[in-house]
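Only the coordinates and a few stated rules stand behind these numbers; no lab work does. Source: prediction; values computed, not measured. Backbone-built Cβ (ideal geometry, glycine too); neighbour counts: all protein chains shown.
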């Protein structure tokens with residue numbers, strides 16, 4: 001089997017799925033997902049996709065749906081059977097979120113460069129009842145995916161939580177430290193100042209930093225309002 005064929009089998013590019021029938025996850029997959037969603041560190045989205053963040057990257061952008069990304073991935077069945085792995089081949093590949101199975105499409109747009117996630121994907125967001133190779137119809141899948149580089153268009157990832165420090169890069173963490181202890185009034189004044197700045201012409205990287213500071217300050221104020 002050549003590399004191109006392996007790629008189609010392992011990642012299921014969207015054009016490979018045009019004839020697939022979407023069906024529900026089989027009993028083994030449902031059992032796995034029901035137990036897995038309660039494990040520490042696992043998040044379940046409204047779509048049914050589950051993920052666990054293995055390591056956070058320092059990227060500050062998400063890929064757009066049609067933005068090519070260089071990635072490593074490792075795919076297994078819920079019993080641990082490996083069916084495809086760029087990691088094992090030692091060769092990352094390039095693809096966009098809209099070129100792969102639905103579970104990947106959703107997850108990739110939430111990730112930034114350097115992020116490494118483990119995905120737990122219901123069958124209806126993967127192969128459906130069609131299956132392929134070692135994958136049977138209705139199988140839930142487990143993928144480890146790492147975005148090494150976003151090659152195309154990007155959107156700012158405003159994920160920094162000033163309360164937990166999760167999703168923050170080093171620059172944002174330093175800014176949070178400077179803001180700690182400031183009053184609600186001082187924070188409000190700084191928000192007003194930054195809002196005015198967003199209306200001025202400036203370099204894209206400077207505007208992005210203004211927006212990141214606004215995100216942090218607004219979240220800090222929201223948290224204070226809840227107390």
Difference of contour (0.36 nm per residue) and Cα-Cα distance, residue 54 to residue 218 | 56.3 nm
Please identify, among 200, 116, 136, the residue showing maximal mean-square fluctuation in a Gaussian network model of the chain using a 10 angstrom Cα cutoff.
-> 200
Relative to the longest principal axis of the chain, what angle (0 to 90°, nearest 10) does the C-alpha long axis of helix 170-179 take?
-> 30 degrees
For residue 45, placing the label point 7 angstrom along Cα-to-beta-carbon and taking the range 124-144, residues whose amide nitrogen sits under 18 Å are 124-128, 140-144
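So if each residue of separation counts as 0.36 nm, and I subtract the Cα-Cα distance between residue 177 and residue 70, what length gain in nm does that give? All intermediate terms of the calculation are to be shown ahead of the outcome.
On the way: separation 107, 0.36 × 107 = 38.52 nm, distance 3.35 nm.
Fully extending the segment from residue 177 to residue 70 adds 35.2 nm.
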The chain - percent relative contact order, Cα under 8 Å, separation 6 or more | 23 percent
So for the range 159-227, using the alpha carbon gyration tensor with a ≥ b ≥ c as root eigenvalues (a/c under 1.5 gives rounded; past that, a/b versus b/c decides prolate or oblate), I'd call it oblate
The range 150-183 versus the range 77-109: alpha-carbon centroid distance in Å | 28 Å
With axes computed from alpha carbons, what is the tilt in degrees of helix 204-226 against the longest principal axis of the chain, rounded to the nearest 10 within 0 to 90?
-> 80 degrees
With each label point set 7 Å from Cα along the Cα-Cβ vector, what nm distance links residue 91 and residue 164?
-> 3.9 nm
Two pseudo-spin positions, 7 Å from Cα along C-beta at residue 190 and at residue 154, lie apart in nanometres by 2.4 nm
For the range 103-146, just the Cα atoms, rotate onto the principal axes and tell me the three extents in Å, largest first.
-> 32, 16, 12
Can you bin the chain into rounded, prolate or oblate? Criterion: square roots of the alpha carbon gyration tensor eigenvalues sorted a ≥ b ≥ c, rounded for a/c under 1.5, prolate for a/b above b/c, oblate for the rest.
-> prolate
Highest-fluctuation residue, 198, 76, 25 considered, GNM on the chain with Cα pairs under 10 Å | 198
Report relative contact order for the range 79-136 in percent, whole number only (criteria: Cα-Cα under 8 Å, sequence separation at least 6).
-> 32 percent
